[in-house]
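If you scroll down you'll find the structure; I have some questions about it.
No value in this document is a laboratory result; all are computed from the given coordinates. A quick note: this is a predicted structure, and the numbers were derived from the prediction, not measured. Neighbour counts are summed over all protein chains in view; Cβ atoms, including those assigned to glycine, are modelled from backbone coordinates with ideal geometry.
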Ligand SMILES: C[S@@+](CC[C@H](N)C(=O)[O-])C[C@H]1O[C@@H](n2cnc3c(N)ncnc32)[C@H](O)[C@@H]1O
């Protein structure tokens, strides 16, 4: 499949408008803070953007960031401005033509930003250990519409965990299916290249992430994708595809479910562009100043990461109150005594 993908992104596609789905967001939905970063990026880099989401989490200044499948470098050059002169962004891609566009405009961006904090490496994201990258050396790893293209997604996720610092996170957008993609769809080279054929059934992704040691994957945002090409749309039949952004924290103590220890956090409103609230994920919009009850995992995602100094923490892990209602799966047993009695036992 590497050959099919290299051919698609190296020769077949000449620009964003050649894509056959609406995976790439149009400029009207791009937030203002990102528009101001994109203004500083070379037009040729922008014209070859093939991502499907936003991979710029907050609080990146001074961070080391790795972009997997960095393509022509749009996200690398946006992230370079967010990490600033004290940070670094490394892009990895396997396709020469994509890397060439990214490299050709390095000098332009050094002059525009006023600093040099970007490099690109040629390599396979399944074989990150073959690149000269120090284990546990990245604060954040991102990826935009790439993991679906990999024939060995388990290897990719394991390699990411190896490179992340403790408390670091993998923050990435990708395409998922509502059910397992049948072979006939997966083996179609255009559907594969368009990021549909290799898409994981969302719950298989959650299992792969957990098996690799990311115990509590958090969904940040999602949207349904439309296959805009009528021929391809016919070929995918009743499969539904979604673009989704997840964040996976490298935290050894995360539990398989959200457990309630009676803890709460208070967001200080101190993160730039998030003065009124902080969004950890789709289910945690934490308003500034509000005493916000959290499960043990959410507590750790805020306490043991770069977000720590922006929160006050109430409580500890000394007392357990059961499953955290509305966060993990609910108690599986009948709670109504009459219901329990009605069921027969053997
Ligand atoms: C859909 S494009 C996304 C590019 C970029 N992230 C962006 O948002 O414009 C996928 C990119 O991932 C790269 N890619 C796909 N599979 C890869 C792999 N196994 N190893 C390295 N790069 C890969 C392709 O060469 C291509 O540049």
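With a cut-off of 8 Å between alpha carbons and a minimum separation of six or more residues, what is the relative contact order of the chain in percent?
15 percent
Restricting to region 2-249, compute how many DSSP beta bridges are antiparallel as a %, nearest 5.
Taking every DSSP beta bridge with both residues in region 2-249, the antiparallel ones total about 40 percent.
Further question on the same structure: How are the C-alpha pair distances of region 74-143 spread across 5 Å bins, as whole percents from the shortest bin up?
Taking every Cα pair in region 74-143, the percentages come to 3, 15, 28, 24, 19, 9, 1.
Find how much the distance from residue 132 to residue 318 grows on full extension, using 0.36 nm per residue of separation minus their present alpha carbon separation; answer in nm with one decimal.
This chain segment gains 62.7 nm when fully extended.
Using only the C-alpha atoms of the chain, find the volume of their convex hull and express it per residue in Å³.
Cα convex hull per residue, to the nearest whole number: 168 Å³.
Determine the principal axes of the Cα atoms in region 171-276, then give the extent along each, sorted from largest to smallest and rounded to whole angstroms.
52, 33, 19
Figure the gain on full extension for residue 203 and residue 309 (residue separation times 0.36 nm, minus the Cα-Cα span) and round it to one decimal in nm. Numbers along the way, then the final one.
Numbers: separation 106, 0.36 × 106 = 38.16 nm, distance 3.34 nm.
Full extension of this stretch gives 34.8 nm more.
Same structure, new question: Determine the principal axes of the Cα atoms in region 34-74, then give the extent along each, sorted from largest to smallest and rounded to whole angstroms.
Here the spans come out as 27, 23, 16 Å, largest first.
Run lengths n ≥ 4 of DSSP H only: what is the helix-derived mean residue ellipticity at 222 nm for the chain, with -39500 (n - 2.57) per run over all residues, to the nearest 500?
-7000 deg cm²/dmol
Can you pull the one-decimal nm distance between simple spin-label points at residue 287 and residue 7, each 7 Å off the Cα toward Cβ?
That separation, rounded to one decimal, is 5.6 nm.
A follow-up question, please. Provide the gained length on full extension for the span residue 100 to residue 211, in nm with one decimal, where the gain is 0.36 nm per separating residue minus the Cα-Cα distance.
36.4 nm
A follow-up question, please. Which FRET efficiency value, to the nearest 0.05, do you get for residue 44 and residue 221 by plugging their Cβ-Cβ distance into 1/(1 + (r/R0)^6) with R0 = 35 Å?
Once the sixth-power term is evaluated, E becomes 0.80.
Would you order 113, 278 from fewest to most other beta-carbon atoms within 10 Å of each residue's own beta-carbon?
Ascending Cβ contact count within 10 Å gives the list 113, 278.
A further question follows. Can you list, bin by bin at 10 Å, the percent of alpha carbon pairs in region 209-270, starting at 0?
Spelled out bin by bin, region 209-270 gives 16, 28, 29, 17, 10, 1 percent.
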